[in-house]
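What follows is a single structure, written as structure tokens, with notes after it.
The values are calculated or read from the model by the stated rules, or taken from the named source; none is laboratory data. Note that the coordinates shown come from a computational prediction; the quantities given were computed from them, not determined experimentally. Every residue, glycine among them, receives a Cβ derived from its backbone with ideal geometry; neighbour counts consider all protein chains shown. For accessibility, only protein heavy atoms count, side chains too; no ligands or nucleic acids. Shrake-Rupley method; radii C 1.70, N 1.55, O 1.52, S 1.80 Å.
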Protein chains: 2
Amino acid sequence: MADVKNILFIMCDQLRWDYLSCYGHPTLKTPNIDALAQRGVRFNRAHVQSTSCGPSRMSYYTGRYVQSHRAFGNFVPLPLDERTLGDYLRPMGMRVAVDGKTHAEADIASMRLRGLDPQSFLGVLSSEAGFEPYDRHDGVLVDSAHEDLARNLYTRYLKDQGYGGNNPWLAFANSGADAQGQVLSGWSLRHAQSPARVPEMHSETAYTTRRAVEFMKEQGGAPWCLHLSYIKPHWPYVAPSPYNSIYSASDVVDAVRHPTEKNNPHPILDSYHRHEASVSFSNDEMRRTVIPVYMGLIKQIDDQLGELFDFMETQGRWGDTMVVFCSDHGDYLGDHHLGEKELFHDTVSKTPMIIYDPSEAANKTRGTVNDEQFVEAIDLVPTFVEAVGAKVNPDRLEGLSLLPLLHGKTPTNWREFVINEFDYSFRTNTRIELKRPIKACSMITLRDKKWKFVQCEGFRPLLFNLLDDPHEFNDLGASPQHQEVISHYSLKTLSWMLSRKRYTTANDVYVRDWLKDDRFSGMQIGVW
Amino acid sequence: MADVKNILFIMCDQLRWDYLSCYGHPTLKTPNIDALAQRGVRFNRAHVQSTSCGPSRMSYYTGRYVQSHRAFGNFVPLPLDERTLGDYLRPMGMRVAVDGKTHAEADIASMRLRGLDPQSFLGVLSSEAGFEPYDRHDGVLVDSAHEDLARNLYTRYLKDQGYGGNNPWLAFANSGADAQGQVLSGWSLRHAQSPARVPEMHSETAYTTRRAVEFMKEQGGAPWCLHLSYIKPHWPYVAPSPYNSIYSASDVVDAVRHPTEKNNPHPILDSYHRHEASVSFSNDEMRRTVIPVYMGLIKQIDDQLGELFDFMETQGRWGDTMVVFCSDHGDYLGDHHLGEKELFHDTVSKTPMIIYDPSEAANKTRGTVNDEQFVEAIDLVPTFVEAVGAKVNPDRLEGLSLLPLLHGKTPTNWREFVINEFDYSFRTNTRIELKRPIKACSMITLRDKKWKFVQCEGFRPLLFNLLDDPHEFNDLGASPQHQEVISHYSLKTLSWMLSRKRYTTANDVYVRDWLKDDRFSGMQIGVW
């Protein structure tokens, strides 16, 4: 009998690892998330598998690296033969649902070909990366009346509160207004400090948290896994009052950047330096405007989690629920002369990861920080599966169960590096500038405790010595003295690629035992 | 309007490229297949993608290399998100069916997960590699009464003719009898020359051909693609009278082998030399017993095809039907001290490939031999798709349409090498002897006009200079003078691997145009 009955899998979008007080931010205070860390383990070497929302999330949900699950970009469907968290946990009798964002896309072509009705229950699960869409909402990027209200409950909620128009998500929850009541679109970073045009209770973060409470109430004593997936602090950087003004310019930490980073940079970096978000976030006035709001959005999440955690206390859920807090990737915020995410720096690939395990075996690690082991987003699926007493599928899952670490065991043969894969084919301007074919824009980053090696299709690699240069200012990829290190890491990356779990329709047991199959009981080959 | 309305896709199992008179066999006469070559093009550099039935066939059916379609061994299901010939041709209004063998396996786990009933029409198509199982039969390897007669029409046919017992396929169609009427099992090679216990008309090859005639009659004028897929000359090497005795020991050509091949061979070859089939076929008495029957089985196929081709003549089918003749791999028959197939020599990876195109554009190539271009099994799907006027899907298909070659055009940038992938994990004895993990038994062979390079997971590669050593006797894989060639070919193999079409849920158009999608019409990122 497992000690873990339920799983609360909390994710923020675009939350940097270092924007929480428990991870060392000097002025942003996140006491509720810090308290979770006190109850569990805070991992200090946690990395995501991609620095873009969609592929990173699909790695979280499948327990597989990007080239294995194959959803290599945002809005790229997970192929129909992939398996997700829901496929592993649902057979254990758990309700597996999402409240918030997933970036899941339906593989409609395959569904049609196989006769799977997208509207059927199984069709919906396949479309939603295995989650029951209890209240899925990813934000509304469309500037017209196309939005399907039946499927976007948060937009419907806003309309029910009287926030009208084509897109109340943008016009009210993610925009401000000037003194004359003119709308200040959340798409313009200069409007960041204006409060959202909804009171805090109607904001996305508060709504999403309330829905989590409702879900838990609905479940009563029945087991569940809820993916509570906040869209914030992802852009639009607009916060409801008072969170728009809790922090000010004096709370903004300096950008981690060095002028030499712009001297003859790697061609991909050179192109990224010219992106509009990079230029914007290189402007310190802009950073002083936006970052306090980014911090306010995180503060709001922390406050909301405080309420949720209190509710869980009243229900006794801390006794039977594993709670995870993580993020899908970071945000450059001007570091390295860059804005937004993507690419490879720790700024974007390192994320917070806090895990509370209610079981007695975890008592000895409560409140500790794991500075030693590299953990990856793909580790959550096997951790959850093992925590609820199911069997980890070794033929598909590429992550490692973190239960041994949570239970204070010193693992042998733990991974020595983490992997981040990013494909810039969707970055039209960079792809065209660099004259790259769509299918040849891949970057694979292998990072261990000393080196970060970035293999770039069609270009020289990048290399950083993290011991001498922890901020990754000095790219050694073109250094003649480092060609031996580069060869060594090229081979390591290759060997990693070759050992991916691509072959999922015949597992080791099947291969080992095929001759024992009754179907071949009569066969003899080559007998004279 | 395409000139090709129907496709007759004929395959033999385990037919060597050099066991047809048009390919140069000195005594085996195959006038009907030769006549097909006279009507079309005979390719003299045709190679399959794997030297094992299942993976080779799945490459033929998907138009993709083994590591792309992922059915890496016999009895390994094609993943549910793969597409096959049937998926491409059926939307063109063609009936796409199989008569004979496919080795297709159902991905039952994925079908269950996605709610696809294996008994439904779509479920059956998914289970049968996209073919309607008009009369699928792969042979009956089970030595008991398990066989599902509803699905194995040939066994049912035999029972209807009065051939009883658990397995009439083995006991009658694939076994002989001694003078006392005692059954001589077809599993023993020493029984090869005894005639089958059924008259020729009830043998597998004759039955399968008749079923093709019935299919064409049923279709009348409606368009079709029929995969006429003979199990023969695959073992059991048992032929019905008179084909068991048409050829004799004097017709058996010498084995292509050299004593030095057994001096300190590569560890994988060393293990294969000890397989029972290798030991048997290294015995010349055994070769003289079995090979005449192997030849007789081919002769029977040729005679049967003669009848089928005559029938097609009466129906006017030569005016609207593309006809292909090929094989899934060869048979060592004692060459290189080996029996059976698998591995990498041209003996098993090179196959016959003859294509008749009824269109006028093909007139200028009729009766020619293409000695120049490398063609691969994966080329048939794009050839068929283009021939019937459908659009070739560039995001999944890895083969090249052969229409330009059939129409006498000189292609630019044609492929310079062929690839064969083989995984010996299913070869239990070799895998255990060599102490290889199940997931680490891959061999990839890259063959161009000069070199054959075989990359072996966990072992040194093999290398042959085909210009100096066309019979592949002299493995240069350990030669210090060839390390530069080896490095070059290692990189070439790697680069080939990296360019596989793994990402099938978002094509180039999707990536190029995503920003034009209405869903993102309102989005702005990083604007100050």
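Does segment B:1-73 classify as rounded, prolate or oblate by the C-alpha gyration tensor (a ≥ b ≥ c root eigenvalues; a/c under 1.5 gives rounded; else a/b over b/c gives prolate, otherwise oblate)?
Working: a/c = 2.66, a/b = 1.33, b/c = 2.00.
Oblate, because a/c is 1.5 or more while a/b does not exceed b/c.
7 Å along Cα→Cβ for the label point: how many nanometres lie between B:ASN465 and each equivalent label in the other copies, listed shortest first?
4.4
Per residue, how much accessible area does the protein assembly as shown have with a 1.4 Å probe, in Å²?
Working: 36890 Å² over 1056 residues.
In whole numbers, the protein assembly as shown has 35 Å² accessible per residue.
Kindly provide the pair-distance distribution of segment B:100-253 built from C-alpha pairs, with 5 Å bins from 0 and whole-percent values in order of increasing distance.
2, 9, 15, 18, 18, 14, 10, 7, 4, 2, 1, 0
Looking at segment A:508-522, which residues lose a minimum of 10 Å² of accessible area between their chain alone and all protein chains in place, measuring with a 1.4 Å probe and not counting ligands or nucleic acids?
Residues of segment A:508-522 that lose at least 10 Å² of accessible area once the other chains are added: A:ASP508, A:TYR510, A:VAL511, A:ARG512, A:TRP514, A:LEU515, A:ASP518, A:ARG519, A:PHE520, A:SER521, A:GLY522.
Determine which lysines satisfy two conditions relative to B:LYS449: a Cα distance under 20 Å, and not lying fewer than 8 residues away in the same chain.
Within the straight-line limit of under 20 Å, B:LYS449 reaches these lysines: B:LYS350, B:LYS492.
At a Förster radius of 30 Å, what calculated FRET efficiency corresponds to the Cβ-Cβ distance of B:SER241 and A:ASP518, to the nearest 0.05? Walk me through the intermediate numbers first.
Values: r = 33 Å, r/R0 = 1.09.
After rounding, the FRET efficiency stands at 0.35.
Need the full-extension length gain, A:MET201 to A:ASP448, defined as separation in residues times 0.36 nm minus the C-alpha distance. One decimal, nm. Intermediate results must be reported in sequence, preceding the final value.
Values: separation 247, 0.36 × 247 = 88.92 nm, distance 4.33 nm.
Length gained, A:MET201 through A:ASP448: 84.6 nm.
Per Stokes-Einstein, at 25 °C and 0.890 mPa s, what whole-number D in µm² s⁻¹ belongs to segment B:275-364, with the Kirkwood radius over Cα pairs as the hydrodynamic radius?
Values: Rh = 15.6 Å.
In µm²/s, the coefficient rounds to 157.
Considering the alpha-carbon set of the protein assembly as shown alone, what are its Rg and its Dmax in angstrom?
Rg and Dmax of the protein assembly as shown, Cα atoms, are 32.0, 109 Å.
Given label points at 7 Å from Cα along Cα→Cβ, what nm distances, shortest first, separate B:LEU494 from the same residue in every other copy?
B:LEU494 label point versus its equivalents elsewhere: 0.2 nm.
Once amide H atoms are placed 1.01 Å from N in the peptide plane, what residues at a sequence separation of 5 or more from B:THR351, or on another chain, have their amide H within under 5 Å of its amide H?
So B:THR351 has HN proximity to B:ALA46, B:HIS47, B:VAL48.
Quickly estimate the mean residue ellipticity at 222 nm for chain B, helices only: each DSSP H run with n ≥ 4 gives -39500 (n - 2.57), and the total goes over all residues, rounded to 500.
Numbers: 17 runs with 154 residues, N = 528.
Calculated at 222 nm, the ellipticity per residue is -8500 deg cm²/dmol.
Report in % the part of the accessible area of chain A that belongs to carbon and sulfur, leaving out ligands and nucleic acids; probe 1.4 Å.
On the way: 9380 of 18450 Å².
Of all accessible area on chain A, carbon and sulfur atoms account for 51 percent.
Using C-alpha positions alone, give me the convex hull volume of segment A:45-514 per residue in cubic angstrom. Don't skip to the end; give the middle numbers.
Values: hull volume 81.3 nm³, N = 470.
Convex hull of Cα atoms, per residue: 173 Å³.
List, in the order given, every pair from B:LYS5/B:LYS452; A:LYS159/A:LYS217; B:LYS29/B:LYS364 whose Cα-Cα distance in the structure shown is over 29 Å. Before the final figure, lay out each step's value.
On the way: B:LYS5/B:LYS452 39 Å; A:LYS159/A:LYS217 25 Å; B:LYS29/B:LYS364 26 Å.
With Cα atoms farther than 29 Å apart: B:LYS5/B:LYS452.
Assuming 1.306 mPa s and 10 °C, estimate D for segment B:419-528 with Stokes-Einstein, Rh taken as the Kirkwood radius over Cα pairs, in µm²/s.
Values: Rh = 17.5 Å.
Stokes-Einstein gives a translational diffusion coefficient of 90 µm²/s.
Between copies, how far does the label point of B:ASP508 sit from its twins, in nm, shortest first, when each point is 7 Å from Cα along Cα→Cβ?
4.0
Could you tell me what % of all Cα pairs in segment A:148-233 have separations over 23 Å?
Numbers: 1127 of 3655 pairs.
Result: 31 percent of Cα pairs exceed 23 Å.
Which whole-Hz ³J(HN,Hα) couplings does segment A:132-138 yield from phi under the Karplus relation 6.51 cos²θ - 1.76 cosθ + 1.60, θ = phi - 60°, glycine and proline marked x?
Result, ordered by residue: 6, x, 4, 7, 7, 8, 10 Hz.
Set the Förster distance to 60 Å, then compute FRET efficiency between B:LYS391 and A:ARG288 from the Cβ-Cβ distance, nearest 0.05.
Numbers: r = 54 Å, r/R0 = 0.90.
Step by step, r from the Cβ atoms, then E = 0.65.
Report the local net charge at B:SER490: Lys and Arg +1, Asp and Glu -1, summed over other residues whose C-beta lies under 12 Å from its C-beta. Each step should come with its number before you reach the end.
Numbers: positive: B:ARG460, B:LYS492; negative: B:GLU484.
So the surrounding residues net to +1.
Cut-off under 17 Å on the C-alpha distance; same-chain residues fewer than 8 positions from A:LYS439 excluded. Which lysines are left, in chain and number order?
In chain and number order, the partners are B:LYS501.
Estimate the FRET efficiency between A:MET92 and B:SER250 by the formula 1/(1 + (r/R0)^6), using the beta-carbon distance for r and 60 Å for R0, to the nearest 0.05.
On the way: r = 69 Å, r/R0 = 1.14.
Plugging the Cβ-Cβ distance into 1/(1 + (r/R0)^6) gives 0.30.
Quote the total accessible area buried by chains B and A together, excluding ligands, DNA and RNA, probe 1.4 Å, nearest 100 Å². Intermediate values should be presented prior to the final figure.
On the way: alone 22150 and 22150 Å², together 36890 Å².
Buried area (both sides, nearest 100 Å²): 7400 Å².
At B:ASN263 and A:GLU433, where each label point lies 7 Å from the Cα along Cα→Cβ, what is the point-to-point distance in nanometres?
6.1 nm
Across segment A:287-430, what fraction of all alpha-carbon pairs, as a whole percent, falls in each successive 10 Å bin from zero upward?
In whole percents, the pair-distance histogram is 9, 30, 33, 22, 6, 0.
When the scattering of segment A:61-112 is computed by the Debye formula from its Cα atoms alone, each counted once and equally, what is log10 I(q)/I(0) at q = 0.22, 0.25, 0.26 Å⁻¹?
Log-scaled intensity ratios, in q order: -0.95, -1.13, -1.17.
Quick one: plug the Kirkwood hydrodynamic radius of segment A:371-418 (C-alpha pairs) into Stokes-Einstein at 10 °C, 1.306 mPa s, and report D in µm²/s.
Value of D from the Cα-based Kirkwood radius: 142 µm²/s.
Can you give the Kirkwood hydrodynamic radius for segment A:208-312, in Å, rounded to one decimal and based on Cα pairs? Could you put the intermediate results ahead of the total?
On the way: mean 1/r = 0.0598 Å⁻¹.
After inverting the mean inverse Cα-Cα distance, the result is 16.7 Å.
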